[in-house]
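*Asks:* This is the structure I want to talk about, given as structure tokens.
The values are calculated or read from the model by the stated rules, or taken from the named source; none is laboratory data. Worth saying up front: this structure is predicted, and the values here are computed from it rather than measured. Cβ atoms come from the backbone with ideal geometry, glycine included; neighbour counts cover every protein chain shown. Accessible surface areas use protein heavy atoms only, side chains included; no ligands, DNA or RNA. Shrake-Rupley method; radii C 1.70, N 1.55, O 1.52, S 1.80 Å.
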Amino acid sequence: MNDYDVAVVGAGPVGSSFARQMAEKGFKVGIIERKKEVGVPLQCAGLVGKKIMDTNILPEEFIVNKVYGAYLHSPSGTVLSVAKKEPAAYVLDRVAYDKFLAEKAVDAGADLLLNHRVNGIDIENGEIHVKDHGTISAKVIVGADGHGSFVSSKMNPPSKTVQAAQYLVDTGSKVFNSDYVQLHVNSDISPGFIWVIPISESRARVGLFADTSYKNLNHILNEFISNDKQFEGASVVKKYQGFIPQYDPKKKILCGRTIILGDAASQVKPTTGGGLLIGFKCANMASDVVSKALDEEDMKLLQDYPKNYMKEYKNELRMQLEVKKIFGAMTDEELDRMFMKLKKGGAESMISEYGDMDTQSTLIKEMLKSGLLISILPGMIMKGLLNLWK
Ligand SMILES: Cc1cc2nc3c(=O)[nH]c(=O)nc-3n(C[C@H](O)[C@H](O)[C@H](O)COP(=O)(O)OP(=O)(O)OC[C@H]3O[C@@H](n4cnc5c(N)ncnc54)[C@H](O)[C@@H]3O)c2cc1C
């Protein structure tokens, strides 16, 4: 007799969302979480595209700001200003939202085992070993244990990650247009970038991710804040750090009766490292597949999870990997030239119309159709992009 139908490792937002859905369908669900408290420390900028409303539950009380657009800054200061008429993204209170998602899973009937660290797993037979607590058995194991996933390490080589740093900054006066996020690119950190995500007119989450050490990230962030006028006299209220997994198209997300989900499966957007929306979508996909496999007592049906994931995301993620490669190879001069050409070529209105934080292929297709990309990118890169739609 198994302890659970499904044992979920990790009570992050993705694991809790998956667990809630399974419990709502009547399955016996256990969530095994190593921390004593869900959601802390904060390791997120909390920006999520509006499609979250069709993907997961999100009560208004967890939205601290609604964002309509973005100011995109080139290294020497050319700014592309893009905006929608309706909010395009929400800034979340991630700590409270993570706690809420875990509570909802418990309300639906899941057991939440806090202070339980998984340190052993039998992927084929569905057994989990928990430090100081013995063995838990389940018909299906779901690894939603984040970027350094223990579960993934049993079926994949170690994941590649990049570091991220973020400050909560208070300027003491109204300096931000809170309808807009700011993104700053330069060749030292590209394909990473610096973000300024306002949570009010005087407070913002200012951060960056890049393939460099945490010490360097802090140095870059300090320089950025001290050189940018909008931060004159500002104070750093809190500092955060974290890791962002790099999307790996070769990652195995199913092995035996075990699947992995969210950051554990590197289900993040290659261009921005954002993992909330894609993680939630994959949690929905996985809950459909796992519940069917359990209902029909046929574990072969779990194979639909990687199939459905690839069907939905393969092209989008490949295209974003290509865009990331292009940005990663550009010098400051090339980035500046590209911004100027985009501005002159009418890209602001095109991005405002077709831009989507989460599905970037639509915009790229429009830019290819209009000839705008042909005018700014070298021939070889263009060929690479065009091949993606063959
Ligand atoms: C600085 C920063 C900014 C970000 N900004 C954004 C953003 O603006 N928008 C966005 O969409 N994404 C953003 N992300 C990414 C986003 O935070 C992640 O994609 C998201 O948290 C993934 O959720 P998850 O549930 O898969 O994993 P996690 O949130 O990492 O949760 C994993 C859980 O598993 C637990 N766990 C780990 N190992 C074990 C174990 N052995 N046993 C038991 N439990 C275990 C952990 O304690 C944790 O609670 C950002 C990330 C960083 C670092």
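*Asks:* Can you list the HN-Hα couplings for region 38-53, worked out from phi with the Karplus curve (6.51, -1.76, 1.60; θ = phi - 60°), rounded to whole Hz and with x for Gly and Pro?
*Replies:* Values, residue by residue: 5, x, 10, x, 4, 9, 7, 7, x, 8, 9, x, 4, 5, 4, 5 Hz.
*Asks:* Through the Karplus equation 6.51 cos²θ - 1.76 cosθ + 1.60, θ set to phi - 60°, convert the phi angles of region 154-161 into ³J(HN,Hα) values in whole Hz; use x for Gly and Pro.
*Replies:* 7, 10, 9, x, x, 6, 8, 9
*Asks:* Assuming R0 = 35 Å, what is the FRET efficiency of LYS85 and ALA329, from their Cβ-Cβ distance, to the nearest 0.05?
*Replies:* 0.50
*Asks:* Another one. Helix 94-107 versus the longest principal axis of the chain: what is the Cα-based angle in degrees, 0 to 90, to the nearest 10?
*Replies:* Once rounded, the angle reads 20 degrees.
*Asks:* Out of residues 5 or more away from GLY143 or on other chains, whose amide H comes under 5 Å of its own, with H placed 1.01 Å from N in the peptide plane?
*Replies:* VAL9, ILE259, ILE260, LEU261
*Asks:* How far, in nm, would the chain grow between ASN218 and SER349 when pulled straight, counting 0.36 nm per residue and subtracting the alpha carbon separation?
*Replies:* Taking ASN218 through SER349 to full extension adds about 43.7 nm, to one decimal.
*Asks:* Based solely on its DSSP helices, what 222 nm [θ] is calculated for the chain when runs of n ≥ 4 H residues each add -39,500 (n - 2.57) and the sum is averaged over all residues, nearest 500 deg cm²/dmol? Working shown, then result.
*Replies:* Working: 12 runs with 138 residues, N = 390.
Theoretical 222 nm ellipticity from helices: -11000 deg cm²/dmol.
*Asks:* Using a cut-off of under 17 Å, list every residue of region 326-351 whose amide N is near the label point 7 Å from the Cα of LYS369 along the Cα-to-beta-carbon line.
*Replies:* Under 17 Å, as judged by backbone N against the label point of LYS369, lie 346-351 of region 326-351.
*Asks:* Would you mind getting the accessible area per residue of the chain, heavy atoms of the protein chains only, 1.4 Å probe, in Å²?
*Replies:* About 46 Å² of surface per residue is accessible.
*Asks:* So what J values fall out for region 71-80 if you push phi through Karplus, 6.51 cos²θ - 1.76 cosθ + 1.60 with θ = phi - 60°, rounded to Hz, Gly and Pro as x?
*Replies:* Once θ is set to phi - 60°, the couplings for region 71-80 become 9, 9, 9, 7, x, 9, x, 6, 10, 9 Hz.
*Asks:* Ok, one more. Taking only C-alpha pairs under 8 Å that are 6+ residues apart, what is the relative contact order of region 232-293 in percent?
*Replies:* Relative contact order here is 25 percent.
*Asks:* Please express the shape of region 243-317 as an equivalent ellipsoid: the semi-axes are the square roots of 5 times the eigenvalues of the C-alpha gyration tensor, given largest first in whole angstrom.
*Replies:* Over the Cα atoms of region 243-317, the ellipsoid semi-axes are 23, 11, 11 Å.
*Asks:* For helix 332-344, report the angle its Cα long axis makes with the longest principal axis of the Cα atoms of the chain; keep it between 0 and 90° and round to the nearest 10°.
*Replies:* Computed tilt is about 80 degrees.
*Asks:* Ignoring ligands, DNA and RNA, please state the percent of accessible area on the chain from carbon and sulfur, probe 1.4 Å. Could the numbers behind the result be given before it?
*Replies:* On the way: 8940 of 17970 Å².
The value for the chain is 50 percent carbon and sulfur by accessible area.
*Asks:* Tell me the angle of helix 214-227 to the major Cα principal axis of the chain, expressed in degrees between 0 and 90 and rounded to the nearest ten.
*Replies:* That works out to roughly 40 degrees.
*Asks:* On a 1.4 Å probe surface of the protein chains, which of MET357, MET340 comes out largest in accessible area, and what is the full order?
*Replies:* From most accessible down to least: MET340, MET357.
*Asks:* What is the distance in Å between the Cα centres of region 39-90 and region 139-212?
*Replies:* 12
*Asks:* Let me ask another. With a 10 Å radius around each residue's Cβ, average the other Cβ atoms per peptide and rank 292-301, 4-13, highest first.
*Replies:* Those peptides, ordered most packed to least, come out 4-13, 292-301.
*Asks:* Now for a separate question. Here is the link list: LYS84/LYS229; LYS99/LYS343; LYS160/LYS307. Which ones come out longer than 32 Å on Cα distance?
*Replies:* Correct reply: LYS99/LYS343.
*Asks:* Under 5 Å between amide H atoms, partner at least 5 residues away or on a different chain: which partners does LEU92 have, H built in plane at 1.01 Å?
*Replies:* LEU47, VAL48, VAL64
*Asks:* Determine the dipole magnitude for region 262-301: charges of +1 sit on the beta-carbon of Lys and Arg, -1 on that of Asp and Glu, nothing else is charged, the reference point is the Cα centre, and the result goes in debye to the nearest 20. Each step should come with its number before you reach the end.
*Replies:* Working: 4 positive and 6 negative charges, 65 e Å.
Using Cβ point charges on Lys, Arg, Asp and Glu, region 262-301 gives about 320 debye.
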